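Working notes for the structure below.
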Amino acid sequence: YPSAIRRESMWMGFKNIPDGTIRLITELRLDAMMAWVADNITTITPAKTCLTGGSMGGWGSITYGLRRPSKFAAIYPDRPRWRYGYTANNIAVADYNAGLTSVAVASAPNLSPDDGGGSVAAYMDMITYAGNVSNDIPWVGWCIGRNDGYATFADQLAAVAALRAAKRGFAFAWNDGNHTTGSIISEITQSYPFGTFEIGKGYPLFTNH
């Protein structure tokens, strides 16, 4: 706003529609944008579309892109959160009136019934989502510093364990950096550049590397 106040939807949406649930407004707008691009931009290769972003954009790449394997061949999150927030047992909530707030996971608000209902904490737990072999996901390559103050390194390791157990294709790069110096996505793209993967085409999977 002109007053410099901003409202961050964390790539999902906001709490404080009349019933106090969260509506996935931003995801709906992104879906509409993707549909518009597909209908109007002819210079792209839709089957090789990939998604990337840093910090909040890295988190959004996880929560939005991982659920859309028919839209993205690969996602490249730069310093993402795989779960709710940095503080253990707490979840970040985008409240339209109050801004970003933190509440206990057990007290997390629900999604709007129009968006499937259920706890938004469960919706934001992308480690469990990726570990569920019934969910198709794009290839994912991400990076972070072990001393990042935005996302826990323990969650990154839990994501690796879940992806390996589910036999997913992925790459993970890390250093001892913080939220600034841990931005090393080039360590991923130098081996897996944009356009490497294509929707509907498989790739060899090598484990324990």
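The values are calculated or read from the model by the stated rules, or taken from the named source; none is laboratory data. Worth saying up front: this structure is predicted, and the values here are computed from it rather than measured. Cβ sites come from the backbone with ideal geometry, for glycine too, and all protein chains shown count toward neighbours. Surface accessibility is based on the protein's heavy atoms, side chains included, excluding ligands, DNA and RNA. Shrake-Rupley method; radii C 1.70, N 1.55, O 1.52, S 1.80 Å.
Things worth noting here:
- In degrees, nearest ten, helix 153-165 long axis to first principal axis of the chain (Cα): 50
- Using the Karplus relation 6.51 cos²θ - 1.76 cosθ + 1.60 with θ = phi - 60°, the per-residue 3J(HN,Hα) values for the range 119-124 come to 5, 5, 4, 5, 5, 8 Hz, with x marking Gly and Pro.
- Close lysine pairs were tallied over the chain: pairs 8 or more places apart or on different chains with Cα atoms under 20 Å apart number 4.
- Estimated vicinal HN-Hα couplings, Hz - the range 169-179 in sequence order (Karplus 6.51, -1.76, 1.60; Gly, Pro = x): x, 7, 9, 9, 10, 8, 9, 8, x, 9, 5
- Summarising the amide proton neighbourhood of Ala173: residues at separation of 5 or more, or on other chains, whose placed amide H is nearer than 5 Å comprise Trp142, Cys143, Ile144.
- Only protein atoms count toward the accessible area here, which uses a 1.4 Å probe; on the range 53-209, the carbon and sulfur part of that area reaches 51 percent.
- Less than 5 angstrom separates the built amide H of Leu100 from those of Glu8, Asp95, all sequence-distant by 5 or more or on a different chain.
- Sparsely packed trypsin sites (Lys or Arg not before Pro) within the range 165-209, loop by DSSP, other Cβ within 10 Å at most 11: Lys167, Lys201
- Pair-distance distribution of the range 38-88: all C-alpha pairs, bin width 10 Å, starting at 0; shares per bin in whole percent are 27, 43, 23, 6, 1.
- Using all pairs of distinct alpha-carbon atoms, the Kirkwood hydrodynamic radius of the range 123-179 works out to 11.9 angstrom.
- Peptide packing: for 170-179, 139-148, the average count of neighbouring Cβ atoms within 10 Å per residue gives the ranking 139-148, 170-179, highest mean first.
- Rounded to the nearest 20, the size of the Cβ-charge dipole of the chain about its Cα centre is 240 debye, with Lys and Arg at +1 and Asp and Glu at -1.
- Per residue accessible area of the chain, 1.4 Å probe, in Å²: 52
- 222 nm mean residue ellipticity, helices alone, for the chain (DSSP H n ≥ 4; -39,500 (n - 2.57); rounded to 500): -6500 deg cm²/dmol
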